[in-house]
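The values are calculated or read from the model by the stated rules, or taken from the named source; none is laboratory data. If you're wondering where the values come from, they're calculated on a predicted model, not measured in any experiment. Neighbour counts are summed over all protein chains in view; Cβ atoms, including those assigned to glycine, are modelled from backbone coordinates with ideal geometry. Quick note on the areas: whole protein, heavy atoms, side chains included, nothing else; ligands and nucleic acids left out. Shrake-Rupley method; radii C 1.70, N 1.55, O 1.52, S 1.80 Å.
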Amino acid sequence: MALAGQGQLHKAVALVAKYEQDETVPRDMFYGRLSGVYENAHDYAMMAECRARAIEHNPGSANAIIDYAVGLVLRLHDSQGARRVLEKTRDKEILALAASHVSFCQGLIALEEKRFEDAQAGLTEALEQIALYADSRLMPGFILEIKSQLVIALGSAGKKAEATSIFAEVEPFLKAHKETEILTRCRQVA
């Protein structure tokens, strides 16, 4: 992941590729990890392709479906595609932690469609759902990711003071993760 984020995609893919034929690594897990490498390298088309392949190898995985939907809307701005993919979770058991990702995705879809009040509701719900897990080492990044999208929703709805306040919290995270597109969108509205 670090190599991909530093622009060394070929080296990063090579490190992961050695597990492609490893029978002890489930195919969906392999493609899920590979999608993260491409996401860190900002190759969102390949990220989406890997997430689609993860679902092909485990169509029953609600988590893989949710990850794919989030990637479509967050990285490729495909709200219609994300909605279609997310629909596949309706008959799946969604655990509490995954439910926060569903709310996040729904908020992103609304944001992409410029339904800013709905976006705020979905993103706020995601933050409330994730609060149960806030002490986990894995959650601070996701919380800041949600808040960065909330900045865009609030600012786009004319709630500049709220957007500016939250932006002060998320800006260092966005800079550190080289999230230039999201950072630019936040700056435009905060």
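Name the residue that is modelled with the lowest pLDDT, counting only residues in segment 165-190 that are farther than 22 Å from LEU76 by Cα and open to solvent by less than 60 Å² (accessible area, probe 1.4 Å).
Among them, the one singled out is ALA190.
Is it the case, given these coordinates, that ILE130 is more than 27 Å from ALA4 (Cα to Cα), crowded, with 21+ Cβ neighbours inside 10 Å and hydrophobic (A, V, I, L, M, F, W, C)?
yes
What tally of residues in segment 2-57 results from selecting those that are under 19 Å from ALA176 (Cβ atoms) and in a loop (DSSP other than H, G, I, E, B)?
Number satisfying all stated conditions: 5.
In this structure, does LYS147 turn out to be more than 20 Å from ILE94 (Cβ to Cβ) and touching a helix residue (DSSP H, G or I) at 6+ places or on another chain (Cβ under 6 Å)?
yes
Looking at this structure, is VAL151 part of a helix (DSSP H, G or I), touching a Leu at 6+ places or on another chain (Cβ under 8 Å) and hydrophobic (A, V, I, L, M, F, W, C)?
no
Among LEU9, LEU74, which is among the aliphatic types (A, V, I, L, M), surrounded by 18 or more Cβ atoms within 10 Å (Cβ to Cβ) and farther than 26 Å from ASP91 by Cβ?
Step by step, each of LEU9, LEU74 is checked, and only LEU9 is among the aliphatic types (A, V, I, L, M), surrounded by 18 or more Cβ atoms within 10 Å (Cβ to Cβ) and farther than 26 Å from ASP91 by Cβ.
Residue-wise test of (1) out of contact with any Gly (no Cβ under 9 Å at 6 or more places or on another chain); (2) surrounded by 15 or more Cβ atoms within 10 Å (Cβ to Cβ).
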{"residue": "ALA14", "(1), (2)": "yes, no"}
{"residue": "GLN21", "(1), (2)": "yes, no"}
{"residue": "GLY32", "(1), (2)": "yes, yes"}
{"residue": "ALA62", "(1), (2)": "yes, yes"}
{"residue": "ILE66", "(1), (2)": "yes, yes"}
{"residue": "SER79", "(1), (2)": "yes, yes"}
{"residue": "GLU87", "(1), (2)": "yes, no"}
{"residue": "ARG90", "(1), (2)": "yes, no"}
{"residue": "GLY107", "(1), (2)": "no, yes"}
